[in-house]
Amino acid sequence: MKKSLKHRLAILSDAAKYDASCASSGTTKRDSSRSGGLGSTEGSGICHAYAPDGRCISLLKILLTNFCIYDCAYCINRSSSNVERARFSVEEVIWLTLEFYRRNYIEGLFLSSGIIRSSDYTMEEMVRIARDLRLKHNFQGYIHLKTIPDASAKLIEEAGLFADRLSINIELPTDAGVEAFAPQKHPANIRRSMGELKLKIDEAREPTLKTKRRKRFVPAGQSTQMIIGADATNDATILGTSARLYGGYQLRRVYYSAFSPIPDSSQHLPLIKPPLMREHRLYQADWLYRFYGFDIAEITHGRADGMLDLELDPKLAWALANRDRFPVDINRADKEMLLRVPGFGVKTVMSILTARRHKRLKMEDLARLKVSLKKVKAFIVADGHTPMNLLDRSDLKAMFMPRPEQLSLL
Amino acid sequence: MRIVIDRRGDFEEWRDSARHLLSAGIRPEAVEWLDRGGLGDDLFGADDAAPSVKTTLTVPRAFVDLAHIVVCHADLAAYAVLYRLLWRLQIERHLLSITTDPDVVRAHQMAKSVGRDSHKMKAFVRFKELPAVEGRNRRQFLAWFEPDHYIVGRTAGFFQRRFADMDWVIATPKGSASWDGDALTVSAQPACNPELVDDTDDLWRTYFANIFNPARLKVKMMQTEMPKKYWKNLPEADLIPDLIAGAEDRVRAMAAKPATTAPKFHYRIHKIKG
Ligand code: SF4
């Protein structure tokens, strides 16, 4: 008997939850007022709900099918798993996307799939969904397609005309890791796909001679995901891989996904609690690299084992290891150095730069900007404030360590 | 001087009163802002602002933008903060650049709160489908939402740009908005909760329960982004307590399950002997 739509939705969303991305931001601005259709994207993404795992639910994140002919050890859909299998038709995915969208549950669709028959067969069905949503149903919402490894260039090109974002997962931070855990995937091919897509995106950004207009092609760029903690790779290597991906392929985002136990898991993998704090620190480090002018080497320099400190955020850890760069005078220092003060975000730094054109800033001024004085006072000079040898104290690190957790009786 | 506000969140109304007050030289400390809705029939307190002297008022563009947002704040103090800024701007032309000035900080905080509320409205409005209307080929939807601030007017355009091909109404205790394909109508009249049901909510709940990963429980994170005050109007929210309560057992059961042998098709595909 055929499984009901609801039952299959349960299976195929359960199978999709190990993909961290749910972003719907950074695409072109579009709306339906002129076309009279359905959907819009206005720059910043919207999280329509949050699951109790704290993750944003922005898109309908599902698999077309969880049948798969590959056998990636970390994946719930691998061919050797006994998980219950199901499959949607193209029409069903379209229907779900549109009906969910109309009720304002979602910003759009994030479709991925196990590989059935062949890469091209699977990719073709996914492209058909995106094309019909756009052309038949006049849908202007967000579409993210996960491209199937080794799908033909022609299909990827077509996918790019209809999708806002395309992604292909790098899966593990090192080539050896991919070969060990995803025997049918080839790191070189994954990189080649990323490289080809980057070239096509660059090409489309050039206005054509005739129309002087840019072609719409994957306007939200490409992203990828790495699984953290399934193998022994350290943080320095992981972040180095990210830096190469950002630099070489202009990826918009690299997602880190703490390896999470899956039902019927492979015996080759550790049965661990997902390393959530580690994942969080990697995101922070990634952020420092992209928006705060830090080098990866600077961030991971602190410890010999190449791991980030789990107890301190990477910016604070860097500051404590580089005390000779402090204190920073908030009335004088340049933007780059202000951004390196633990406790200052980009917004705070911009406010400081604006305000100090008109007056000399005191600690009270920072307090009004909702800066934690406790955190910053050791690192800055302000009008009427110089840190009292704080930076020389050997217990400075201890002052920032999280307090031991309160134990309670059960 | 008492000024009574008729339409909360209406920038023009605030601006007209503020212009009068300013041209009459009335100091911010001397003004009391009141809400007609909160006054009931007891209207004795309203003073007419002194007849205005025709003066042209110039303010930085940034102030006008900020005022449009701050005026939507549910706390009447927003009206006073804006007037105080306007008053001070007459002499302190660079006031808005002093990002650490207490009045500027306060206004920005209020603006942030309004902005957040408007963002949450875009996120948490849930449309329910109504039966088709005879002779009309557009589908009909209605949503009930409870905003903190007077934001329906400034947020309605978002829904119009997004849901162009359907008729919809968003009803709230602080006014409502509707769209019929031709006109966007906004009213300040408080509405009541129509308590509708929509069968598709059941599929959405299925999705919500299954996209959740029990091995990554982070309840605090969820609640800062989706505060409990919104839960009563979210069809998925009543699943949350059970999902949290059952999470640990699910993870433990996953770990305890003995390894299985792979299904037959695995051996077939990879041409290995089973
Ligand atoms: S190809 Fe994708 S779906 Fe298939 S087993 Fe590998 S990771 Fe899972």
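Tabulated data
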{"quantity": "The range A:42-66 - residue that is more than 9 Å from every other protein chain (Cβ to nearest Cβ) and either part of a strand (DSSP E or B) or open to solvent by 10 Å² or more (accessible area, probe 1.4 Å) (or both) and, of those, farthest from residue B:251 (Cα to Cα)", "calculated": "A:43"}
{"quantity": "Matching option when the condition is within 14 Å of chain A (Cβ to nearest Cβ) and modelled with pLDDT of 95 or more, among B:93, B:84, B:116", "calculated": "B:116"}
{"quantity": "Residue A:169 within 25 Å of residue A:26 (Cβ to Cβ) and either open to solvent by 20 Å² or more (accessible area, probe 1.4 Å) or within 13 Å of chain B (Cβ to nearest Cβ) (or both)", "calculated": "no"}
{"quantity": "Qualifying residue in the range A:90-110 (condition: of a type in the set (S, T, N, Q), within 15 Å of the ligand (Cβ to nearest atom) and either assigned to a strand (DSSP E or B) or away from chain B (no Cβ under 11 Å) (or both))", "calculated": "no"}
{"quantity": "Cross-chain or 6+ apart pairs with Cβ under 6 Å, the range A:174-202 first and within 19 Å of residue A:72 (Cα to Cα), then more than 14 Å from the ligand (Cβ to nearest atom)", "calculated": "A:174/A:233; A:177/A:231; A:187/A:175"}
{"quantity": "Long-range neighbours under 8 Å by Cβ, at least six apart or interchain, first residue within 17 Å of residue A:106 (Cα to Cα) within the range B:222-234, second of a type in the set (Lys, Arg) and assigned to a loop (DSSP other than H, G, I, E, B)", "calculated": "B:233/B:126; B:234/B:126"}
{"quantity": "Filter result for residue B:194 (more than 11 Å from chain A (Cβ to nearest Cβ) and either open to solvent by less than 20 Å² (accessible area, probe 1.4 Å) or under 29 Å from residue B:151 (Cβ atoms) (or both))", "calculated": "yes"}
{"quantity": "Residue in the range A:115-149 that is most open to solvent (accessible area, probe 1.4 Å), counting only those that are at pLDDT below 95 and within 13 Å of chain B (Cβ to nearest Cβ)", "calculated": "A:117"}
{"quantity": "Failed item in (1) away from every other protein chain (no Cβ under 11 Å); (2) over 26 Å from residue A:172 (Cβ atoms); (3) part of a loop (DSSP other than H, G, I, E, B), with residue A:23 passing the rest", "calculated": "(2)"}
{"quantity": "Residue B:235 being in contact with a Phe, Trp or Tyr (Cβ under 7 Å, 6 or more places away or on another chain) and open to solvent by 10 Å² or more (accessible area, probe 1.4 Å)", "calculated": "yes"}
{"quantity": "Sole exception among (1) within 27 Å of residue A:14 (Cα to Cα); (2) surrounded by fewer than 20 Cβ atoms within 10 Å (Cβ to Cβ); (3) not acidic (Asp, Glu) for residue A:301, by number", "calculated": "(1)"}
{"quantity": "Top-ranked residue of the range A:121-149 - restricted to ones that are within 16 Å of the ligand (Cβ to nearest atom) and touching a Lys or Arg at 6+ places or on another chain (Cβ under 9 Å), ranked as nearest to residue A:22 (Cα to Cα)", "calculated": "A:144"}
{"quantity": "Residues of the range A:167-189 that turn out to be in contact with a strand residue (DSSP E or B) (Cβ under 8 Å, 6 or more places away or on another chain) and within 15 Å of the ligand (Cβ to nearest atom), as a count", "calculated": "11"}
{"quantity": "Index of the failed condition, residue A:156 passing every other in (1) crowded, with 24+ Cβ neighbours inside 10 Å; (2) away from the ligand (no atom under 16 Å from the Cβ); (3) within 25 Å of residue A:198 (Cβ to Cβ)", "calculated": "(1)"}
{"quantity": "Strands (runs of 3 or more DSSP E) contained in the range B:100-185 and holding at least 3 residues in contact (Cβ under 8 Å) with a residue 40 or more places away in the chain", "calculated": "B:128-130"}
{"quantity": "Residue match in the range A:159-169 (condition: free of Cβ contacts under 8 Å to residues at least 40 places away in the same chain, more than 29 Å from residue A:100 (Cβ to Cβ) and not in a loop (DSSP other than H, G, I, E, B))", "calculated": "no"}
{"quantity": "One residue from B:203, B:243 being of a type outside the set (Ser, Thr, Tyr), within 30 Å of residue A:69 (Cβ to Cβ), surrounded by 17 or more Cβ atoms within 10 Å (Cβ to Cβ) and within 8 Å of chain A (Cβ to nearest Cβ)", "calculated": "B:203"}
{"quantity": "Single residue of the range A:111-144 satisfying the filter (in a loop (DSSP other than H, G, I, E, B) and closer than 21 Å to residue B:138 by Cβ) that is nearest to the chain's Cα centre (by Cα)", "calculated": "A:141"}
{"quantity": "Search result, residues across the range A:51-89 that are more than 20 Å from residue B:200 (Cβ to Cβ), more than 8 Å from the ligand (Cβ to nearest atom) and among the hydrophobic types (A, V, I, L, M, F, W, C)", "calculated": "A:56, A:64, A:67, A:73, A:83"}
{"quantity": "Candidate set: the range B:99-140, residues that are among the β-branched types (Val, Ile, Thr) and surrounded by fewer than 19 Cβ atoms within 10 Å (Cβ to Cβ); chosen: the one farthest from residue B:151 (Cα to Cα)", "calculated": "B:133"}
{"quantity": "Every pair of residues 6+ apart whose Cβ atoms lie under 6 Å, when the first sits in the range A:3-24 and is farther than 21 Å from residue A:143 by Cβ while the second is open to solvent by less than 20 Å² (accessible area, probe 1.4 Å) and within 16 Å of the ligand (Cβ to nearest atom)", "calculated": "A:3/A:86; A:11/A:86"}
{"quantity": "Conditions (1) among the small types (Gly, Ala, Ser); (2) at positive phi; (3) more than 7 Å from chain B (Cβ to nearest Cβ): number failed by residue A:81", "calculated": "(2)"}
{"quantity": "Within the range B:11-75, helices (runs of 4 or more DSSP H) holding 1 or more residues that are open to solvent by less than 70 Å² (accessible area, probe 1.4 Å) and at pLDDT 90 or above", "calculated": "B:11-23, B:61-70"}
{"quantity": "Verdict on residue A:311 being open to solvent by less than 50 Å² (accessible area, probe 1.4 Å) and either under 30 Å from residue B:247 (Cα atoms) or not aromatic (Phe, Trp, Tyr) (or both)", "calculated": "no"}
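The values are calculated or read from the model by the stated rules, or taken from the named source; none is laboratory data. Since we're looking at a predicted model, the values are computed, not measured. Cβ atoms come from the backbone with ideal geometry, glycine included; neighbour counts cover every protein chain shown. To get the accessible areas, we keep the full protein, side chains included, count just its heavy atoms, and leave off ligands, DNA and RNA. Shrake-Rupley method; radii C 1.70, N 1.55, O 1.52, S 1.80 Å.
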